[in-house]
Amino acid sequence: MRDIVAPESARFRRFTEVFGEVVEPAGYRQIIPPMMEDLGVFTRLGDATDIVTKEMYDFVDKGGRHVALRPEQTASVCRAYVELRPLTPWKTWYSGPNFRYEKPQRGRFRQFDQVGIEVLGADDPYLDVEVIALAWEFYRRLGLRQVQLLVNSLGEPDDRARYVDALRRHFEAAGDALSEQSRETLNKNPLRVLDSKRREDAPIIADAPTIDQFRSDAAAAHFATVRSGLDDLAIPFVIDMRLVRGLDYYRRTTFEFQGGTLDSAQNALGGGGRYDGLVEDLGGPPTSGIGFALGVDRTLLACSDERVFAAPDDAIDVFVVDTTGGREALLITSDLRAAGISADRAYENRSMKAQMKAADRSGATFAVIIGPDELTSGTAIVRPLRGESEQGTVARADLIFDLTTRFPGRT
Ligand code: AMP
């Protein structure tokens, strides 16, 4: 687990802000779920899911409750829905860390952040399009250009079940030609074998039956509307019939966004889909759901690779150098901050030279200098550290006003 420090921390914060700016105007409102839940909230995601069976940070608390740090937030949103029974459609967005006991590498961490949305209680293919379009718009706002959208439909639960049977038969027929890992996966969830990146599995996967042969008319019609809606919004996509995604609950639409610059094992920037049954399993009424989660860390890596969405400029406006004891610096920085101008200062009454060095290092646009002469004469020196303007002496009484005119639009 890492520390995220400036300037990357500012980038993280801005990332979440931009996400809110994209989804709030579409009617999504923020939910801040707890970071820990009863273990049962997550085990309902399915025992064929690695994030539940292998990667969970779960423990027994001092009250004897078996709890877990959340590995994702969809289950928490559904649990909250069951408790709060809000009006539907319930459109939520979230951000924050999740925890998975995975092998850390570039783009994969044990604590990682996601932003996401979930909509509960509406089963309309145009909602699927809206949800996908919001993620697409978010990538556009970040400036990412090399994102590819993959879509698929897993059909209705019955279609999916028949497909899973056909897959099982197909992979079982391959016998030992299938990798040992995939044979193990096959026992738990034949769909996940399609995700195998092992070379020996590739030809067997290529010959596997595809979901389109199993979709019911209703599921096929839903998918057709989703595709035509994406076309209407001019959002490019690729149909990937192998896209099954992790959770057992997914049905009908699934989608994933892949970055063009990352290693193939870590190139999924985010993904989501329709899910049913989760709310019901948590004690609520039958409720359809759809949503996505986007990985913050990985998306920021993609932004760095594409040289977009740089950390915001965090340089200070004014650095106050005070060699008369520090009280002037206290008053001036306080007044400047109140006037909307960012201000920093040196401490411990250091020498003029040491304080000027700190001023340079701060990246400030101006230094304000108060020495014994200025204190006596009631003046201050304003020295530009960047840019073209000239150094000047200003009456102490006019100093704050003088500086506000140099930063128009701050107050
Ligand atoms: P998932 O919840 O598994 O569908 O993941 C959604 C997105 O979260 C992925 O596409 C990644 O961008 C991100 N993600 C998932 N697991 C990790 C991890 N261990 N470290 C960093 N990002 C992750």
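The values are calculated or read from the model by the stated rules, or taken from the named source; none is laboratory data. Keep in mind it's a predicted model, so treat the numbers as computed, not measured. Methodologically, a virtual Cβ is constructed for each residue, glycine included, from the backbone with ideal geometry; neighbour enumeration extends over all protein chains shown. With ligands, DNA and RNA removed, areas are computed over all heavy atoms of the protein, side chains included. Shrake-Rupley method; radii C 1.70, N 1.55, O 1.52, S 1.80 Å.
Quick notes on this structure:
- Filtered by the rule that a residue be more than 10 Å from the ligand (Cβ to nearest atom), of a type in the set (Lys, Arg) and either surrounded by fewer than 22 Cβ atoms within 10 Å (Cβ to Cβ) or under 19 Å from the mean Cα position of the chain (by Cα) (or both), the range 74-125 gives 85, 91.
Condition check ((1) in contact with a Phe, Trp or Tyr (Cβ under 9 Å, 6 or more places away or on another chain); (2) touching a residue at least 12 places away in the same chain (Cβ under 8 Å)) across all residues:
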{"position": "316", "(1), (2)": "no, yes"}
{"position": "323", "(1), (2)": "no, yes"}
{"position": "329", "(1), (2)": "yes, yes"}
{"position": "338", "(1), (2)": "no, no"}
{"position": "346", "(1), (2)": "yes, yes"}
{"position": "357", "(1), (2)": "no, no"}
{"position": "360", "(1), (2)": "yes, yes"}
{"position": "375", "(1), (2)": "no, yes"}
{"position": "388", "(1), (2)": "no, no"}
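- Residue satisfying condition, being more than 10 Å from the ligand (Cβ to nearest atom), within 23 Å of the chain's Cα centre (by Cα) and open to solvent by less than 20 Å² (accessible area, probe 1.4 Å), within set 290, 332, 341: 290
- Qualifying residue in the range 298-307 (condition: farther than 18 Å from residue 153 by Cα, touching a residue at least 40 places away in the same chain (Cβ under 8 Å), open to solvent by 10 Å² or more (accessible area, probe 1.4 Å) and within 13 Å of the ligand (Cβ to nearest atom)): yes
- Some residue of the range 55-66 being among the acidic types (Asp, Glu), out of contact with any strand residue (DSSP E or B) (no Cβ under 7 Å at 6 or more places or on another chain), open to solvent by 40 Å² or more (accessible area, probe 1.4 Å) and in a loop (DSSP other than H, G, I, E, B): no
- Some residue of the range 276-298 being in contact with a helix residue (DSSP H, G or I) (Cβ under 7 Å, 6 or more places away or on another chain), within 22 Å of residue 107 (Cβ to Cβ) and of a type in the set (D, E, K, R): yes
- The single condition from (1) away from the ligand (no atom under 14 Å from the Cβ); (2) open to solvent by less than 10 Å² (accessible area, probe 1.4 Å); (3) in contact with an Asp or Glu (Cβ under 9 Å, 6 or more places away or on another chain) that residue 241 fails is (2).
- Residues (at positive phi and surrounded by 15 or more Cβ atoms within 10 Å (Cβ to Cβ)) located in the range 344-365: 363
- Candidate set: the range 311-329, residues that are of a type in the set (A, V, I, L, M, F, W, C) and in a strand (DSSP E or B); chosen: the one farthest from the chain's Cα centre (by Cα): 321
- Filter pass, residue 193 being of a type in the set (A, V, I, L, M) and under 14 Å from residue 243 (Cβ atoms): yes
- When the residues of the range 151-165 are filtered to those that are acidic (Asp, Glu) and open to solvent by 10 Å² or more (accessible area, probe 1.4 Å), the one that is farthest from residue 286 (Cα to Cα) is 165.
- Some residue of the range 268-284 being more than 16 Å from the ligand (Cβ to nearest atom), over 23 Å from residue 131 (Cα atoms) and of a type outside the set (Gly, Ala, Ser): yes
- Residue in the range 313-326 that is within 30 Å of residue 108 (Cα to Cα), out of contact with any strand residue (DSSP E or B) (no Cβ under 9 Å at 6 or more places or on another chain) and not hydroxyl-bearing (Ser, Thr, Tyr) present: yes
- Pair list, Cβ < 7 Å and 6+ apart or interchain, from the range 89-108 residues that are in contact (Cβ under 8 Å) with a residue 12 or more places away in the chain and in a strand (DSSP E or B) to residues that are hydroxyl-bearing (Ser, Thr, Tyr) and buried (at least 19 other Cβ atoms within 10 Å of the Cβ): 90/81; 91/28; 92/28; 93/28
- Residue list for the range 161-193, filter: of a type in the set (Lys, Arg) and either in contact with a Phe, Trp or Tyr (Cβ under 9 Å, 6 or more places away or on another chain) or in contact (Cβ under 8 Å) with a residue 40 or more places away in the chain (or both): 162, 183, 188, 192
- Of the helices (runs of 4 or more DSSP H) lying entirely inside the range 138-220, those carrying at least 3 residues that are farther than 26 Å from residue 260 by Cα are 157-174, 180-188.
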